[in-house]
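Structure, as structure tokens:
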Amino acid sequence: MTGDGSSPILARRRAQAEVIGPIFEEMVQEIGRERAEAILGSAIRKAAIAEGARYRAAAAEAAEDDPVAAFAELFELWTRGGALEIELLGQSPERFDFDVTRCRYAEMYREMGLGGIGHLLSCGRDGAFVEGYDPEMKLERDQTIMSGAPCCTFRYRRAPAGG
């Protein structure tokens with residue numbers, strides 16, 4: 001937990017954005033926005049897959065018993081300190097459904113002047129992280145606060161064991 005009561009992950013994302021923002025702007029000047037976004041998105045996706053795999057290795061035993069429950073417990077790290085306000089819609093061994101009704105990550109990126117790439121810096125990590133954490137689990141998301149919607153829809157699905 002950081003000293004201001006915020007989420008350690010939110011603080012980490014801020015520190016990353018402080019470095020990535022200027023690098024991204026340089027890339028835009030050199031190779032154009034479309035190419036810069038593609039490179040940044042690809043790099044963050046790869047990092048998120050690797051991060052998911054590291055978290056899975058650390059929680060291997062719990063994740064084997066009930067992968068969705070283990071993932072739901074892990075998700076608390078991203079909500080800590082009010083970083084995300086969520087409305088839980090349902091959870092079972094095959095699904096974990098919730099809506100994010102407030103996203104301090106989106107607020108932070110906008111305050112930093114990085115709202116235009118916030119979807120790459122945070123939202124784009126979500127599906128890639130779960131891919132690294134459990135290749136049998138998928139994220140379906142129709143909308144995000146970062147893109148201007150009133151909430152983010154998170155629908156994680158995992159095929160039943162043996163199915």
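The values are calculated or read from the model by the stated rules, or taken from the named source; none is laboratory data. This structure is a prediction, so every number in the text was calculated from the model and none was measured. Reconstructed Cβ throughout: ideal geometry from the backbone, glycine too, with neighbour counts over all protein chains shown.
Some observations on this one:
- Those residues of region 109-142 which are of a type outside the set (A, V, I, L, M) and over 26 Å from ALA69 (Cβ atoms), in sequence order: TYR109, ARG110, GLU111, GLY113, GLY115, GLY116, GLY118, HIS119
- Verdict on GLU107 being crowded, with 16+ Cβ neighbours inside 10 Å, modelled with pLDDT of 95 or more and of a type outside the set (S, T, N, Q): yes
- Single residue of region 110-125 satisfying the filter (without any contact (Cβ under 8 Å) to a residue 40 or more places away in the chain and crowded, with 19+ Cβ neighbours inside 10 Å) that is nearest to TRP78 (Cα to Cα): CYS123
- Check on PHE96, farther than 13 Å from TYR133 by Cβ and aromatic (Phe, Trp, Tyr): no
- Residue match in region 89-107 (condition: among the acidic types (Asp, Glu), touching a residue at least 24 places away in the same chain (Cβ under 8 Å) and within 21 Å of PRO150 (Cα to Cα)): yes
- Subset of region 126-157 (residues that are among the hydrophobic types (A, V, I, L, M, F, W, C) and free of Cβ contacts under 8 Å to residues at least 12 places away in the same chain): ALA149
- ILE86 meets the stated requirement of being farther than 17 Å from LEU120 by Cα and touching a strand residue (DSSP E or B) at 6+ places or on another chain (Cβ under 7 Å).
- The residue list ALA36, ALA70, ALA53, ALA57 contains one member that is surrounded by fewer than 12 Cβ atoms within 10 Å (Cβ to Cβ), of a type outside the set (D, E, K, R) and more than 17 Å from ARG12 (Cα to Cα), which is ALA57.
- Within region 126-156, the set of residues being surrounded by 15 or more Cβ atoms within 10 Å (Cβ to Cβ) and aliphatic (A, V, I, L, M) comprises ALA128, VAL130, MET137, LEU139, ILE145, MET146.
- Residue in region 23-34 that is basic (Lys, Arg), assigned to a helix (DSSP H, G or I), modelled with pLDDT of 95 or more and within 19 Å of ARG141 (Cβ to Cβ) present: no
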